[in-house]
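Undergrad: This is the structure I want to talk about, given as structure tokens.
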Amino acid sequence: MQKNIILLENIRSAYNVWNIIRTADALWRNVWLSGYTPHPIEQPKVKKTSLWAEETTGIERFNNAQDAIRKARELWYMVLAWELEDRAVALDIFSKKLKTDNKNTQNKLIILWNEVDGVLNSTMEVVDDIVYIPMNWVKESMNVGQSAAIFMWELRK
């Protein structure tokens, strides 16, 4: 069974974190937290947002994204970052390429960004690929919770 992981790097909003945990319970099962991303036990008043999905989702905390990536590499995970930059590939194109290259079954760690600063440069330097969700209108990105749901759905097995 595929065990994809969402890594939340320095996410500020506890509501976004719990939203992602609830989505992971439905689609991926595993959420890793790094930096100052709040953990369910630290924010009990917003725990209801996840509807107790934190009890069925594999949640693990790391001091920083580098430690999480190191563990993912030991487990042979493909490491991806969601970020808007020149070398990023559109998610739909990336997903089709994975299927064509028969790499869609490989476990994936997808790093989602801080709502203001994005993925840290030190993290960006060690990922395998960078992907983004193409936007059709004025905004360049959407809420991290919606982005997480789109990535989990598109990159599922």
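The values are calculated or read from the model by the stated rules, or taken from the named source; none is laboratory data. These numbers were taken from a predicted model, which means no experiment stands behind them. Positions of Cβ are generated from backbone atoms using ideal geometry, with glycine treated the same way; all protein chains shown enter the neighbour counts.
Undergrad: Tell me which residues, restricted to the range 80-96, are more than 15 Å from the chain's Cα centre (by Cα) and either modelled with pLDDT of 95 or more or among the hydrophobic types (A, V, I, L, M, F, W, C) (or both).
TA: Of everything in the range 80-96, those that are more than 15 Å from the chain's Cα centre (by Cα) and either modelled with pLDDT of 95 or more or among the hydrophobic types (A, V, I, L, M, F, W, C) (or both) turn out to be 88, 89, 90, 93, 94.
Undergrad: Related question: Can you tell me which of 77, 36 is of a type in the set (Ser, Thr, Tyr) and under 23 Å from residue 146 (Cβ atoms)?
TA: 36
Undergrad: Determine whether the range 34-42 contains at least one residue that is among the aliphatic types (A, V, I, L, M), surrounded by fewer than 24 Cβ atoms within 10 Å (Cβ to Cβ) and at pLDDT below 85.
TA: Among the residues of the range 34-42, at least one is among the aliphatic types (A, V, I, L, M), surrounded by fewer than 24 Cβ atoms within 10 Å (Cβ to Cβ) and at pLDDT below 85, which makes the answer yes.
Undergrad: Of all residues in the range 95-118 being touching a residue at least 40 places away in the same chain (Cβ under 8 Å) and under 19 Å from residue 76 (Cβ atoms), which is surrounded by the fewest Cβ atoms within 10 Å (Cβ to Cβ)?
TA: Taking the range 95-118 as the starting set, the residues that turn out to be touching a residue at least 40 places away in the same chain (Cβ under 8 Å) are 95, 98, 104-105, 107-117.
Filter once more, so that each one left must be under 19 Å from residue 76 (Cβ atoms): 98, 104-105, 107-111.
Values: 98: 18, 104: 16, 105: 10, 107: 16, 108: 26, 109: 25, 110: 24, 111: 27.
It comes out as 105.
Undergrad: Moving on. Would you say residue 26 is surrounded by fewer than 16 Cβ atoms within 10 Å (Cβ to Cβ), farther than 17 Å from residue 113 by Cα and modelled with pLDDT of 85 or more?
TA: When the stated conditions are applied, residue 26 passes them.
Undergrad: Shifting gears a bit: Exactly one of (1) within 14 Å of residue 3 (Cα to Cα); (2) among the charged types (D, E, K, R); (3) not in a loop (DSSP other than H, G, I, E, B) is unmet by residue 156. Its number?
TA: Unmet for residue 156, out of (1) within 14 Å of residue 3 (Cα to Cα); (2) among the charged types (D, E, K, R); (3) not in a loop (DSSP other than H, G, I, E, B): (3).
Undergrad: Could you grab me the full set of residues in the range 126-141 that are more than 15 Å from residue 92 (Cβ to Cβ) and surrounded by fewer than 16 Cβ atoms within 10 Å (Cβ to Cβ)?
TA: Here is the first cut: in the range 126-141, the residues more than 15 Å from residue 92 (Cβ to Cβ) are 126-128, 137-141.
Result: 126, 128, 137, 138, 139, 140.
Undergrad: From the set of residues in the range 1-28 that are assigned to a helix (DSSP H, G or I) and in contact with a strand residue (DSSP E or B) (Cβ under 7 Å, 6 or more places away or on another chain), which is farthest from residue 153 (Cα to Cα)?
TA: Top of the filtered list is 17.
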